[in-house]
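Enquirer: Got a structure for you, questions after.
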Amino acid sequence: MDPLRQSPSPCSSRPSSPKTPPCEIHGYVGIEDVLDQVKIKAMKMGFEFNIMVVGQSGLGKSTMVSTLFKSKVWKCTLPGLGMPIPQTLQLKSVTHVIEEKGVKLKLTVTDTPGFGDQINNDKCWDPILGYINEQYERYLQEEILITRQRHIPDTRVHCCVYFVPPTGHCLRPLDIELLQRLCRTVNVVPVIARADSLTLEEREAFRRRIQHNLRTHCIEVYPQKCFDEDINDRILNSKIRDRIPFAVVGSDQEYLVNGRCVLGRKTKWGIIEVENMAHCEFLLLRDLLIRSHLQDLKDITHNVHYENYRVCRLNESHVLPRGPCWVNLAPTPPGPPVAPGPSKVCRQAREDSDDDEDDY
Amino acid sequence: MAATDIARQVGEGCRTVPLAGHVGFDSLPDQLVNKSVSQGFCFNILCVGETGLGKSTLMDTLFNTKFEGEPATHTQPGVQLRSNTYDLQESNVGLKLTIVSTVGFGDQINKEDSYKPIVEFIDAQFEAYLQEELKIRRVLHAYHDSRIHACLYFIAPTGHSLKSLDLVTMKKLDSKVNIIPIIAKSDAISKSELTKFKIKITSELVSNGVQIYQFPTDDESVAEINGTMNAHLPFAVIGSTEELKIGNKMMKARQYPWGTVQVENEAHCDFVKLREMLIRVNMEDLREQTHSRHYELYRRCKLEEMGFQDTDPDSKPFSLQETYEAKRNEFLGELQKKEEEMRQMFVQRVKEKEAELKEAEKELHEKFDRLKKLHQDEKKKLEDKKKSLDDEVNAFKQRKTAAELLQSQSSQAGGSQTLKRDKEKKNNPWLCTE
């Protein structure tokens with residue numbers, strides 16, 4: 001499987017149905033009640049979200065996840081500290097169910113301890129890409145069964161948060177390599193980790209340089225420009241794109257500041273408040289990931305990344321002519337089923353028989 | 001796949017973790033709803049019923065609008081389906097509504113095959129969706145779903161029981177679509193007759209094993225209302241697009257000399273119940289049932305028919321691709337064989353034709369040779385004859401010259417004698433003949 005697939009083609013999720021005449025309704029019918037029906041059904045089924053955090057050890061990935069979801073996602077409080085750095089990249093996945101106001105969310109967090117920690121980091125992205133593709137494969141296998149489940153369990157990675165070390169200079173070659181490969185298979189949100197070591201001006205300069213790097217290397221991070229559906233989306237997403245990568249600080253300890261209990265990091269020179277926009281941009285990250293774009297992340301994963309994987313996979317398993325190849329399932333009168341695929345061989349055979357006819 | 005060490009820690013099978021604060025994913029349903037709104041909804045209704053039972057009028061009344069179309073005649077030779085798609089908009093929700101109506105149902109003398117066009121139509125919609133789903137490059141989220149979500153079966157208000165045509169058709173349709181039977185033009189039946197009619201219909205449906213759509217009662221918020229409505233099936237409805245002034249309001253009603261039937265009055269008919277159930281409460285469930293039950297059944301049957309399986313006799317999971325690949329190779333092999341055969345036949349025929357042509361050529365050559373020989377013989381004969389003729393002519397010439405010479409000689413020598421003889425000859429007629 002070649003990880004350097006073509007980038008996903010832009011597509012709109014608006015239905016392109018045939019042109020139909022609009023009809024005026026004189027009076028109340030009640031069509032908008034379907035929204036409530038959708039909501040009830042969705043809440044009954046529950047939601048799923050799979051997030052992956054990628055970055056070198058010590059950048060605060062696990063803490064960030066705990067801060068994002070305000071819960072002890074990992075069993076041990078500070079993984080990484082005191083534990084030996086793994087020799088190979090190991091992916092750890094934890095699944096929890098969290099509930100808020102009746103909404104059940106099955107959250108799966110995949111951590112990548114050991115990434116980029118070796119001396120030779122060549123091909124260290126292979127396990128990550130392998131894991132992502134394995135989830136796609138699992139979903140594909142479920143989808144092509146004859147008797148399928150009502151609701152296929154979705155383990156595909158919806159979002160990958162990439163932690164950029166706060167060097168203050170620019171993206172390193174390792175970062176660029178990984179980002180190039182990742183952004184073709186999954187939605188990537190880069191963040192500047194441990195941003196409390198940079199001043200505000202340094203942060204801005206670093207951010208601009210990273211954005212420049214991303215543009216130079218044609219890395220499309222989430223929210224991708226090509227998936228903006230309409231003008232509102234574009235305006236909203238441009239604002240987000242302007243601030244990416246977010247400079248974040250994570251913490252799961254609370255301190256008393258001005259009478260309020262806030263999450264923060266205590267240092268000799270002050271307390272860095274995680275949820276204070278003046279201190280860091282954690283709130284932006286949380287809003288993007290959870291409050292406003294969660295459904296969008298899932299949709300793009302399903303409609304674009306998964307479909308790309310499926311196309312590659314199905315094209316690989318048999319040699320087919322280019323272009324959409326569909327299985328001819330048209331009902332034929334009793335007899336052997338019409339075999340699939342209009343292939344060149346078939347066409348030639350027909351031409352030959354035509355030639356035969358002409359000679360007589 | 002590659003050497004990935006994934007240690008999955010699903011503590012006690014997905015434990016629930018308490019939240020220490022407000023995270024904010026309670027906005028998820030709203031996000032989902034917003035997405036759905038921007039995509040729009042799509043709903044397809046199939047109206048099956050005899051001509052003149054008020055299908056189009058009921059649709060107009062249900063959706064409070066006028067869909068264009070003229071009433072059908074009773075002279076259709078067979079059952080046809082007429083499909084129209086409309087764009088409805090209510091506040092911010094857009095609905096793409098497709099209404100399919102049967103034309104000429106129940107009008108023929110022989111109604112044995114009446115259900116076939118309907119079943120074929122429903123299957124064709126499933127087929128189209130399956131084709132799209134099996135494509136390599138597909139756009140499922142942008143695909144206009146044309147599968148029938150609800151089938152309103154119009155029962156004629158005879159007051160007695162279901163017609164056999166109704167039973168047969170519903171039996172054929174119940175595994176393919178959600179059937180909601182309704183009693184049409186129910187202002188022709190009185191209240192007491194109606195209850196008896198409904199009981200008779202439900203008992204007939206049950207005894208014939210027809211599975212009609214039951215409103216779902218598993219979700220608490222709608223269980224109660226759905227439960228009560230299930231008891232009122234089939235709904236007795238009246239449709240009307242005319243508005244009459246009743247009291248001080250304009251209402252949809254039908255005016256008779258003996259009174260006015262109000263469409264939206266629950267005491268008069270079940271129209272409001274139908275609208276509630278069909279649109280306001282269960283539209284999403286109808287769509288989900290169509291997709292997860294009827295479509296999956298169709299898909300399973302279709303794929304099994306084509307020879308695909310999930311597991312082979314050794315219960316090792318088959319992949320669709322492998323079976324497809326195997327079948328495809330088989331087919332290609334067959335094709336190649338056929339191609340070879342055809343090629344052989346072609347070569348054979350060409351050889352035969354060549355041989356024939358060669359024969360003909362040979363014949364022609366022979367003929368030519370013969371003709372040439374003949375010609376030469378003739379020519380020779382002619383030349384011989386000419387030669388002999390020439391010889392004769394020469395001989396004659398010689399004799400002529402010889403005779404002339406002789407004559408001139410004899411005429412000199414015995415000219416007188418000849419004269420005398422001539423005279424004698426003249427005198428003697430018997431000697432003049434020479």
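The values are calculated or read from the model by the stated rules, or taken from the named source; none is laboratory data. Because the structure is predicted, anything quoted here is derived from the model rather than measured. Glycine also receives a Cβ, built like all others from the backbone with ideal geometry; neighbour counts cover every protein chain displayed.
Enquirer: Evaluate the following for B:Gln214: is it touching a strand residue (DSSP E or B) at 6+ places or on another chain (Cβ under 7 Å) and without any contact (Cβ under 8 Å) to a residue 40 or more places away in the chain?
Expert: Here the answer is no, as B:Gln214 does not meet what is asked.
Enquirer: Same structure again: What about B:Tyr256, is it of a type in the set (Phe, Trp, Tyr), farther than 30 Å from B:Ala156 by Cβ and more than 8 Å from chain A (Cβ to nearest Cβ)?
Expert: No; evaluated as a whole, the condition is false for this residue.
Enquirer: Name, by its number, the condition in (1) in contact with a Phe, Trp or Tyr (Cβ under 7 Å, 6 or more places away or on another chain); (2) more than 17 Å from A:His293 (Cα to Cα) that does not hold for A:Leu200.
Expert: (1)
Enquirer: Condition test on A:Gln348, is it buried (at least 18 other Cβ atoms within 10 Å of the Cβ) and either among the polar types (S, T, N, Q) or modelled with pLDDT of 85 or more (or both)?
Expert: It is false that A:Gln348 is buried (at least 18 other Cβ atoms within 10 Å of the Cβ) and either among the polar types (S, T, N, Q) or modelled with pLDDT of 85 or more (or both).
Enquirer: Further, regarding this structure: Report yes if B:Leu205 is under 24 Å from B:Met59 (Cβ atoms) and at pLDDT below 90, otherwise no.
Expert: no
Enquirer: OK, next. If B:Ile212 satisfies all but one of (1) within 14 Å of chain A (Cβ to nearest Cβ); (2) modelled with pLDDT of 85 or more; (3) part of a loop (DSSP other than H, G, I, E, B), what's the number of the condition it fails?
Expert: For B:Ile212, the failing item is (1).
Enquirer: Just the residues that are out of contact with any Phe, Trp or Tyr (no Cβ under 9 Å at 6 or more places or on another chain) and either in a loop (DSSP other than H, G, I, E, B) or among the small types (Gly, Ala, Ser) (or both), please, taken from the range B:15-29.
Expert: B:Arg15, B:Pro18, B:Ala20, B:Gly21, B:His22, B:Gly24, B:Ser27 - these are the residues of the range B:15-29 that are out of contact with any Phe, Trp or Tyr (no Cβ under 9 Å at 6 or more places or on another chain) and either in a loop (DSSP other than H, G, I, E, B) or among the small types (Gly, Ala, Ser) (or both).
Enquirer: Considering only residues that are away from chain A (no Cβ under 14 Å), in contact with a helix residue (DSSP H, G or I) (Cβ under 8 Å, 6 or more places away or on another chain) and more than 22 Å from B:Ile180 (Cβ to Cβ), which ones fall in the range B:46-79?
Expert: Matches in the range B:46-79: B:Pro71, B:Gly78.
Enquirer: Here is a further query. Select from the range B:52-107 the residues that are under 29 Å from the mean Cα position of the chain (by Cα), among the small types (Gly, Ala, Ser) and in a loop (DSSP other than H, G, I, E, B) and list them in ascending order.
Expert: B:Gly52, B:Gly69, B:Ala72, B:Gly78, B:Gly104, B:Gly106
Enquirer: One residue is enough: does the range A:100-113 have a residue meeting the conditions surrounded by 19 or more Cβ atoms within 10 Å (Cβ to Cβ), among the polar types (S, T, N, Q), more than 11 Å from A:Asn50 (Cα to Cα) and within 11 Å of chain B (Cβ to nearest Cβ)?
Expert: For the range A:100-113, residues surrounded by 19 or more Cβ atoms within 10 Å (Cβ to Cβ), among the polar types (S, T, N, Q), more than 11 Å from A:Asn50 (Cα to Cα) and within 11 Å of chain B (Cβ to nearest Cβ): present.
Enquirer: Sticking with this one: Mind counting the residues in the range A:5-56 that are in contact with a helix residue (DSSP H, G or I) (Cβ under 7 Å, 6 or more places away or on another chain), among the aliphatic types (A, V, I, L, M) and modelled with pLDDT under 85?
Expert: Number of matching residues: 2.
Enquirer: Looking at the range B:143-163, is at least one residue touching a strand residue (DSSP E or B) at 6+ places or on another chain (Cβ under 9 Å), buried (at least 23 other Cβ atoms within 10 Å of the Cβ) and assigned to a helix (DSSP H, G or I)?
Expert: The answer is no; no qualifying residue exists.
Enquirer: So, one more: Could you count how many residues in the range B:35-51 are polar (S, T, N, Q) and in a helix (DSSP H, G or I)?
Expert: Total satisfying the criteria: 3.
Enquirer: Is it true that B:Asp166 is within 14 Å of chain A (Cβ to nearest Cβ), touching a Pro at 6+ places or on another chain (Cβ under 9 Å), within 27 Å of B:Gln80 (Cα to Cα) and not in a loop (DSSP other than H, G, I, E, B)?
Expert: Spelling it out, it is not the case that B:Asp166 is within 14 Å of chain A (Cβ to nearest Cβ), touching a Pro at 6+ places or on another chain (Cβ under 9 Å), within 27 Å of B:Gln80 (Cα to Cα) and not in a loop (DSSP other than H, G, I, E, B).
Enquirer: Restricting to the range B:259-269, give me the number of residues that are touching a Cys at 6+ places or on another chain (Cβ under 9 Å) and within 14 Å of chain A (Cβ to nearest Cβ).
Expert: So the answer is 1.
Enquirer: Please determine, by comparing only the residues of the range B:270-286 that are more than 9 Å from chain A (Cβ to nearest Cβ) and in a helix (DSSP H, G or I), which one is surrounded by the fewest Cβ atoms within 10 Å (Cβ to Cβ).
Expert: Residue satisfying both the conditions and the ranking: B:Val272.
Enquirer: May I ask you to verify whether A:Arg181 is basic (Lys, Arg), over 17 Å from A:Met64 (Cβ atoms) and surrounded by fewer than 15 Cβ atoms within 10 Å (Cβ to Cβ)?
Expert: It is false that A:Arg181 is basic (Lys, Arg), over 17 Å from A:Met64 (Cβ atoms) and surrounded by fewer than 15 Cβ atoms within 10 Å (Cβ to Cβ).
Enquirer: Right, next: Of everything in the range A:34-56 that's at the interface with another protein chain (Cβ under 10 Å from one of its Cβ atoms) and in a strand (DSSP E or B), which residue is surrounded by the fewest Cβ atoms within 10 Å (Cβ to Cβ)?
Expert: A:Phe47
Enquirer: Is it true that some residue in the range B:294-313 is more than 11 Å from chain A (Cβ to nearest Cβ), surrounded by fewer than 12 Cβ atoms within 10 Å (Cβ to Cβ), out of contact with any helix residue (DSSP H, G or I) (no Cβ under 7 Å at 6 or more places or on another chain) and at pLDDT below 90?
Expert: yes
Enquirer: Pick from the range B:227-253 the residues that are in contact (Cβ under 8 Å) with a residue 12 or more places away in the chain and within 12 Å of chain A (Cβ to nearest Cβ): which of them is farthest from B:Phe154 (Cα to Cα)?
Expert: Taking the candidates together, the pick is B:Met251.
Enquirer: Same structure again: Got at least one residue in the range B:240-252 being surrounded by 14 or more Cβ atoms within 10 Å (Cβ to Cβ) and part of a helix (DSSP H, G or I)?
Expert: Within the range B:240-252, not a single residue is surrounded by 14 or more Cβ atoms within 10 Å (Cβ to Cβ) and part of a helix (DSSP H, G or I).
Enquirer: Let me ask another. Going through the range B:91-115 one residue at a time, which ones are free of Cβ contacts under 8 Å to residues at least 24 places away in the same chain and within 13 Å of chain A (Cβ to nearest Cβ)?
Expert: Within the range B:91-115, B:Ser91 is the sole residue that qualifies.
Enquirer: If you scan the range B:175-209, which residues turn out to be under 39 Å from the mean Cα position of the chain (by Cα), without any contact (Cβ under 8 Å) to a residue 40 or more places away in the chain and outside any helix (DSSP H, G or I)?
Expert: The answer is B:Ile179, B:Gly209.
Enquirer: Taking the condition of being out of contact with any helix residue (DSSP H, G or I) (no Cβ under 6 Å at 6 or more places or on another chain) and assigned to a strand (DSSP E or B), how many residues in the range B:253-269 meet it?
Expert: Final tally of qualifying residues: 7.
Enquirer: Consider B:Val79 against the criteria (1) surrounded by 21 or more Cβ atoms within 10 Å (Cβ to Cβ); (2) out of contact with any Ser or Thr (no Cβ under 7 Å at 6 or more places or on another chain): it satisfies all of them except one. Which criterion is unmet?
Expert: Only one criterion is unmet by B:Val79, namely (2).
Enquirer: With the requirement that a residue be β-branched (Val, Ile, Thr) and either within 20 Å of A:Gly58 (Cα to Cα) or outside any loop (DSSP other than H, G, I, E, B) (or both), what does the range A:180-198 give you?
Expert: Passing the criteria: A:Thr185, A:Val188, A:Val189, A:Val191, A:Ile192.
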